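The values are calculated or read from the model by the stated rules, or taken from the named source; none is laboratory data. It should be emphasised that the depicted structure is a prediction, and the values quoted were computed from it without experimental measurement. Backbone-built Cβ (ideal geometry, glycine too); neighbour counts: all protein chains shown. SASA here: full protein model, heavy atoms, side chains in, ligands and nucleic acids out. Shrake-Rupley method; radii C 1.70, N 1.55, O 1.52, S 1.80 Å.
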Amino acid sequence: MENQNRQEKIMKFLEMVEKSDYIVFFGGAGVSTESGIPDFRSVDGLYNQQYDYPPETILSHTFYRRNTKEFYRFYRNKMLCLDAKPNMAHKKLAELEEVGKVRAVITQNIDGLHQLAGSKKVLELHGSVHRNYCENCHHFYDANYILESKEVPHCKECGGDIKPDVVLYEEGLDNKTIQEAVFYISQADMLIIGGTSLAVYPAAGLVDYYQGNKLVLVNKTATPRDHMADLVLQENIGELFGKIVI
């Protein structure tokens with residue numbers, strides 16, 4: 001019976017996708033874990049042996065300023081997963097955009113995998129590891145430069161410190177990106193939220209702008225917004241998206 005119910009939910013999801021032509025996808029870390037990028041919130045044994053602070057502390061603006069060298073040790077080890085490849089969720093979203101169904105991908109991830117899969121309209125709420133700028137002269141550096149540098153990366157032009165274009169704890173989100181996300185969500189006829197616990201604000205509050213009746217939550221565990229959804233699927237997101245026929 002449980003398996004039958006699960007199959008019915010999957011079929012309903014596929015039918016919703018087929019009948020929608022203004023889909024917006026809002027995703028979190030769970031979208032990229034299937035590409036081998038660990039969710040840094042999952043504090044593993046190896047992490048505990050290597051670091052004296054929890055990840056939220058290390059990835060804060062205060063810690064970055066006070067202990068930049070240790071910040072970069074964690075950042076290179078845990079956040080720069082440059083060999084990761086897009087999974088089926090990334091690929092299907094790009095294909096759905098190409099045929100005019102998906103209008104925007106809004107992501108909390110900083111790995112650039114949506115763009116690597118071919119998505120064009122990607123709103124990065126928390127920035128990207130692929131953009132890094134000198135804090136002094138604003139010269140641009142890619143992720144490989146950060147990965148290959150030692151301790152605190154310095155600008156080749158002026159010698160200033162380089163900072164990743166990622167939103168750290170205690171830092172505000174980009175207003176333009178937020179406004180754009182609100183616009184797309186408010187226009188959507190289907191909103192798919194995937195791979196996020198909807199626990200981090202203000203990003204999680206964006207769901208409130210959705211006005212349609214096809215709100216789908218795809219996450220391995222329950223979220224605080226499950227009761228609001230028209231459909232809840234506790235599935236592997238890549239596996240689920242792999243069932244979409246375009």
- Diagonalise the Cα gyration tensor of region 134-240 and give the resulting equivalent ellipsoid semi-axes, square root of 5 times each eigenvalue, largest first, whole Å. 37, 17, 12
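Expected output is a single nm value to one decimal: the length gained when fully extending between HIS227 and ASP161, i.e. 0.36 nm times separation in residues minus the C-alpha distance. What is it?
19.2 nm
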- Message: I need to check one value: relative contact order of the chain, counting alpha carbon pairs closer than 8 Å and at least 6 residues apart, in percent.
- Response: 24 percent
- Reference-scaled alpha-carbon Rg (2.2 N^0.38 Å with N residues) for region 112-187: 1.28
- Give a quick list of trypsin sites (Lys or Arg not before Pro) in region 124-183 that DSSP marks as loop, anything other than H, G, I, E or B, with at most 14 other Cβ atoms within 10 Å. LYS150, LYS156
- the chain: antiparallel DSSP beta bridges as a percent of all, rounded to 5: 30 percent
- Message: Can you give me the angle between helix 2-19 and the longest principal axis of the chain, using Cα atoms only, in degrees from 0 to 90, rounded to the nearest 10?
- Response: 80 degrees
- Can you give the Kirkwood hydrodynamic radius for region 63-141, in Å, rounded to one decimal and based on Cα pairs? 14.3 Å
- Message: Considering the Cα positions of region 1-138, please state its Rg to one decimal place and its Dmax as a whole number of Å.
- Response: 18.4, 63
- Query: What angle do you read, to the nearest 10 degrees and between 0 and 90, between the alpha-carbon axis of helix 175-187 and the longest principal axis of the chain?
  - Reply: 10 degrees
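For region 50-109, just say rounded, prolate or oblate: build the C-alpha gyration tensor, square-root its eigenvalues into a ≥ b ≥ c, call rounded for a/c under 1.5, and beyond that prolate if a/b exceeds b/c, oblate if not. Each step should come with its number before you reach the end.
Working: a/c = 4.21, a/b = 2.61, b/c = 1.62.
Prolate.
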- Measure off 7 Å from each Cα along the Cα-to-Cβ vector at ARG66 and GLU180, then give the distance between these two points in nanometres to one decimal. 3.5 nm
- Percent of alpha carbon pairs in the chain separated by more than 31 Å? 26 percent
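Just need the relative contact order of region 149-234 here, percent rounded to a whole number, with Cα pairs under 8 Å and 6+ apart.
On the way: 94 pairs, mean separation 18.9, N = 86.
Answer for region 149-234 is 22 percent.
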- Item | Reduced Cα scattering model of region 114-157, Debye log10 I(q)/I(0), q = 0.20, 0.27 Å⁻¹ | -0.74, -1.00
- Query: Hey, any idea what % of region 177-246's accessible area is carbon plus sulfur with a 1.4 Å probe?
  - Reply: 50 percent
- Task: Give the ranking of LYS92, LYS85, LYS12 by solvent-accessible surface, highest area first, calculated with a 1.4 Å probe.
- Result: LYS85, LYS12, LYS92
- Item | Antiparallel DSSP beta bridges within region 120-246, percent to nearest 5 | 55 percent
- Largest-first ordering by accessible area, 1.4 Å probe, given options PHE140, PHE74: PHE140, PHE74
- Note on the structure: When every protein chain stays in place and a 1.4 Å probe is rolled, VAL182, VAL245, VAL102 sorted by accessible area with the largest first are VAL245, VAL182, VAL102
- Note on the structure: Charge tally for neighbours of PHE71 with beta carbon under 15 Å away, counting Lys, Arg as +1 and Asp, Glu as -1, is -1
- The local net charge around SER128, scoring Lys/Arg +1 and Asp/Glu -1 for residues other than SER128 whose Cβ lies under 9 Å from its Cβ, equals -2
